[in-house]
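One structure is given below, encoded as structure tokens.
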């Protein structure tokens, strides 16, 4: 693991341990609506594991620029007003974003969004 990746992992874990991770119908429906209605999405699925949303996505176009643009639109649609943090990691086949956003009550949500790319 590179030094930067290790730092990003520690930051993510520190934030997660500092907030109450929540799931609720608004988050579920917002995730479903965003990916279902976005014309760039070829297919997607998501599940909740230990109060964390794990989303797998295939876009019609898999260039890095398209994936970044799509993820930023997702952040805009989902983020809470108090804080938002995300990190990215990639390998030859998957670009994975980790998004954490929360309110001043220190309740928030975590999404791992995995984009298939070639």
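Has the stretch 56-69 got at least one residue that is closer than 24 Å to residue 117 by Cβ, touching a helix residue (DSSP H, G or I) at 6+ places or on another chain (Cβ under 8 Å) and modelled with pLDDT of 95 or more? Within the stretch 56-69 (the criterion being closer than 24 Å to residue 117 by Cβ, touching a helix residue (DSSP H, G or I) at 6+ places or on another chain (Cβ under 8 Å) and modelled with pLDDT of 95 or more), the answer is yes, since at least one residue qualifies. Applying the criterion of being modelled with pLDDT of 95 or more and surrounded by 15 or more Cβ atoms within 10 Å (Cβ to Cβ) to the residues of the stretch 23-39, the residue that is nearest to the chain's Cα centre (by Cα) is 31. For the stretch 41-56, a tally of residues being surrounded by 15 or more Cβ atoms within 10 Å (Cβ to Cβ) and more than 22 Å from residue 22 (Cα to Cα) returns 1.
The values are calculated or read from the model by the stated rules, or taken from the named source; none is laboratory data. Worth saying up front: this structure is predicted, and the values here are computed from it rather than measured. For neighbour counting, all protein chains shown are included, and Cβ atoms are generated from backbone atoms with ideal geometry for every residue, glycine included.
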